[in-house]
Amino acid sequence: MRWIRYSHAGKTAYGILEGDRIARVAGDPFCGYTRTAERLALEAVKIEVPVVPPTFYCVGLNYAEHVRSAAALRHTTPQLPQRPDVGYRAANALIAHGEAVVVPADASEVQYEGELVVVIGKRAKNLSEAEALSCVLGYSIGNDVSERVWQKSDRTLWRAKNTDTFKPMGPWIETDVDLDAMETRVRVNGAQTTRFATNAMLFGVATYISTMTRYLTLYPGDVVWMGTDGTSPNLKAGDVVEIEITGIGTLSNAFVAALR
């Protein structure tokens, strides 16, 4: 099933995307729903961020090549993490598929990070790895836009990762996926720049959820961004970044210059 959050005629709602048509529902995928008879064309609506998360979790350094590139950025020897490590992002930075990433005037090294997004569907606490995926509603796509100069200088990454518009997410939530078959491809202005096996993580989705729920409670609508592999070129105003993940779709966002 493919859940889409959209706006139409001044209202925002959830629907089930079937081909290029949306079946509107009363309710939502987290608290319950019923189908209505209303159908809308996908092209007639504005796609919104698929969920505004109560808590926005992110995974750091979860792919080997990205660990190496991050170490090179810091001029240090790469060390693969020995256990799952979790951080946070800010919801103010979220934007939807098709919306613009606004590059601040004083940003100099802006890069993408194409990530699998795990969307939590029900309350979860103390789950084993075998049980972990039972709390997952589905999966979406995220672009963890990052300003690398700020990333090196800011102690908390507050600008580097959380500037307004720096977290595109979407275009929808797909509930039926094969994690092992997934591939992530990133294109800049139509040219492929990054490609990797999505599930080739140092610590997988089930491991993260199990580890997290030992210490904290996950709630419906929470999201966990699972990290990225490879490296990104520096982006500029006018670039368009597309992140495609097998079985989900493609997240596309243009980069524009901030008004001075």
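The values are calculated or read from the model by the stated rules, or taken from the named source; none is laboratory data. All values derive from a computational prediction rather than experimental measurement. Note that we place each Cβ from the backbone using ideal geometry, even for glycine, and neighbour counts take in every protein chain shown. To get the accessible areas, we keep the full protein, side chains included, count just its heavy atoms, and leave off ligands, DNA and RNA. Shrake-Rupley method; radii C 1.70, N 1.55, O 1.52, S 1.80 Å.
Just so you know, in the range 1-45 the residues that are open to solvent by less than 80 Å² (accessible area, probe 1.4 Å) and charged (D, E, K, R) include one that is nearest to GLY138 (Cα to Cα), and it is ARG2.
One line per residue, one yes/no per condition, for (1) of a type in the set (S, T, N, Q); (2) open to solvent by 50 Å² or more (accessible area, probe 1.4 Å); (3) in contact (Cβ under 8 Å) with a residue 40 or more places away in the chain; (4) farther than 28 Å from TRP150 by Cβ:
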| site | (1), (2), (3), (4) |
| --- | --- |
| MET182 | no, no, yes, yes |
| ARG187 | no, no, yes, no |
| TYR215 | no, yes, no, yes |
| ASP222 | no, no, yes, no |
| ASP229 | no, no, yes, no |
| SER232 | yes, no, yes, no |
| ILE243 | no, no, yes, no |
| ALA258 | no, no, yes, no |
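State which residue is nearest to VAL205 (Cα to Cα) when the search covers only the range 91-126 and only residues that are among the hydrophobic types (A, V, I, L, M, F, W, C) and open to solvent by 30 Å² or more (accessible area, probe 1.4 Å).
Keep residues of the range 91-126 that are among the hydrophobic types (A, V, I, L, M, F, W, C), which gives 91, 93-96, 100-103, 105, 107, 110, 116-120, 124.
Retained after the next criterion (residues that are open to solvent by 30 Å² or more (accessible area, probe 1.4 Å)): 91, 100, 102, 105.
Working: ALA91: 21, ALA100: 29, VAL102: 30, ALA105: 36 Å.
So, considering only residues that are among the hydrophobic types (A, V, I, L, M, F, W, C) and open to solvent by 30 Å² or more (accessible area, probe 1.4 Å), the one nearest to VAL205 (Cα to Cα) is ALA91.
Checking each residue of the range 199-209 against the condition of being within 21 Å of VAL119 (Cβ to Cβ), open to solvent by less than 20 Å² (accessible area, probe 1.4 Å) and either assigned to a loop (DSSP other than H, G, I, E, B) or charged (D, E, K, R) (or both) gives no match. Filtered by the rule that a residue be within 24 Å of ALA257 (Cβ to Cβ) and either without any contact (Cβ under 8 Å) to a residue 60 or more places away in the chain or touching a strand residue (DSSP E or B) at 6+ places or on another chain (Cβ under 6 Å) (or both), the range 75-90 gives a lone residue, ARG89.
Based on what the data block shows, is GLY87 open to solvent by less than 50 Å² (accessible area, probe 1.4 Å), touching a helix residue (DSSP H, G or I) at 6+ places or on another chain (Cβ under 9 Å) and at pLDDT 95 or above?
Working: open to solvent by less than 50 Å² (accessible area, probe 1.4 Å): yes; touching a helix residue (DSSP H, G or I) at 6+ places or on another chain (Cβ under 9 Å): yes; at pLDDT 95 or above: yes.
The answer is yes for GLY87.
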